[in-house]
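Down below is the structure, laid out as structure tokens.
The values are calculated or read from the model by the stated rules, or taken from the named source; none is laboratory data. Values in this document were obtained by computation on a predicted structure and should not be read as measured data. All Cβ positions, even for glycine, are placed from backbone atoms using ideal geometry, and neighbour counts span all protein chains on display. Ligands, DNA and RNA are excluded from the accessible area calculation, which covers all protein heavy atoms including side chains. Shrake-Rupley method; radii C 1.70, N 1.55, O 1.52, S 1.80 Å.
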Amino acid sequence: MYKIVICDDEGKTTIIPFSRREYSIGRKEGNAIRLTDRNISRRHAILSKDDVSFYIEDLGSRNGVRVDSEPIGKGRKEVNLEERILIGDYRVSVSEKEYSSIPWGKQVDPRVDKTVGKVTPYARLVMVEGPHLGQELALEEELYIVGRGDRANMYIDDPSISRAHARLEGADDHWVVSDLDSSNGLYINGNKRDDYLLRAGDIVEFGNTHFRYVAPGEPYDYEYASLEQYQKENHTRSRAIGFTGIGIILMLLLVTWIALKFFIVNNADDTEVTRRLQIYNQTLADGEQQMKEKNWAQAAKLFAEAQGMGFGTTKSKELKKQATMELEAKTSVEAAKAAMAEEDWALAVNELSKVQEESSYFDQSLAVKAADKLCEELLYKVEFMVTSGDRGATTVLSAVDNIPYASAECLRKRDKIKSTLP
């Protein structure tokens, strides 16, 4: 049976059976698939199928729909099984794989099932230091969140590991591991990394739990003797760092920089990652330029595209939130000014209350002006109701209490009228 697989940017995965012809996707209640992030439009897209194919259609959403990072534009686009559909921070795909649970890798204990020079068609991580020495995690999905939180689908019970510690994404022999702003960081072969393309033999360190990366087709078995040697040479790296000084840390940074430079220039295997990283950086730069020009929608679109590339998503995510906030603020201020021109003070106040104070569009003097006009309108109504004996005056007066940015003069008049009410 076909399934819809939905994965958010923190690794939470939801599986839905594809049991009907189409599914509406959006933020608004009533959608078959409701995604609640603010970068999702109320009615964002439709995922549908006929007898032979699957399709995704953008319903004119603010941030668009992309298939494998390419915007689909207007109309329906046919999608293949397992092809990534990017909707805001979510990755959606149609799959026919078996998902008996949210997997964290096929587990094998080589101390029980051990052969010399074991070879597998998939990549794997073999634990060489940590709570379950020799445990193997087969990398057979496309995305793993490594951590000890509820949303981690590669769960490791180690207090030195953050709830969402790292992101592992790829397929076949192309796996990129990225730090998710973890407390203790991500280390590869003893060097701190933010993003890294794994190579056969690399030691991946999540807190105090360390794994050896084994590439597909690479013969490797867990061996206790080599484990003892590894532990002797690498014992409590994190504690050792605590006793070294700033000079050692600077030396490590220098060595890392030199190694990275040599690695990029001389290792042909990483040419593709280098190219992707350049595209990522250029996309961020283009988005920041659009921010300077106040083209918020285009900026948000570029940052969302960058976020989907798998390189250190924290910066692109924060920039995307900022661009989206500015776009919404601009829309609200324009609507408020139009309402003020029509002397619809209630609508104007409502729109201006949506503008966050950190936005470049926030104008407190404008907000106070609209608030005082609404206050004046409501107090006039209250005075009329009092003179006519209408008992609803108290209810209307209480509405003044909820006017954001109301001036002290407005509140003084409100209190004066309150004192005259029975």
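Across every pair of non-identical alpha carbons in the stretch 44-87, the mean reciprocal distance, once inverted, gives a Kirkwood radius of 10.5 Å.
Residue-wise HN-Hα couplings along the stretch 73-86, as the Karplus relation 6.51 cos²θ - 1.76 cosθ + 1.60 with θ = phi - 60° gives them from phi, are x, 7, x, 7, 10, 6, 10, 8, 4, 6, 6, 7, 10, 9 Hz; Gly and Pro carry x. Full extension of the chain segment joining E22 with E288 gains 92.1 nm, where the gain is 0.36 nm per residue of separation less the Cα-Cα distance. Surface analysis of the stretch 374-417 yields an accessible area of 64 Å² per residue, using protein heavy atoms and a 1.4 Å probe. Each of R199, R212, R76 has its accessible area taken with a 1.4 Å probe; listed largest first, they run R76, R199, R212. Local charge for Q356 was computed over the other residues whose Cβ lies under 11 Å away, with Lys and Arg +1 and Asp and Glu -1, and equals -2. Extending 7 Å from the Cα toward the beta-carbon at both E318 and S398 defines two label points whose distance is 4.3 nm. Global dimensions of the stretch 321-389 from alpha-carbon coordinates: Rg and Dmax equal 14.4, 51 Å. Could you pull out which residues in the stretch 400-422 have an amide N less than 20 Å from a spot 7 Å beyond the Cα of E383, following the Cα-Cβ vector? From the stretch 400-422, the list is 400-403, 406-422. Projecting label points 7 angstrom from Cα along Cα→Cβ for N191 and H174 puts them 2.2 nm apart. Between S53 and S353, the FRET efficiency from the beta-carbon distance, with R0 = 45 Å, is close to 0.45. Computed on protein heavy atoms with a 1.4 Å probe, the accessible areas place R27, R66 in the order R27, R66, largest first.
Roughly speaking, what % of Cα-Cα pairs in the stretch 1-60 are separated by over 15 Å, rounded to a whole number? Result for the distance tail: 52 percent. What does the charge count around L168 come to, taking other residues whose C-beta lies under 10 Å from its C-beta (Lys +1, Arg +1, Asp -1, Glu -1)? Taking every Cβ under 10 Å from that of L168, the sum is -2.
Nonpolar atom fraction for the stretch 120-211, defined as the carbon and sulfur part of the 1.4 Å probe accessible area, stands at 41 percent. Apply 1/(1 + (r/R0)^6) to the Cβ-Cβ distance of A335 and R76, taking R0 = 30 Å, and write down the FRET efficiency to the nearest 0.05. The value I calculate is 0.40. Below 14 angstrom from the Cβ of K28, what's the summed charge of the other residues (Lys, Arg +1; Asp, Glu -1)? Charge balance near K28 sits at +4.
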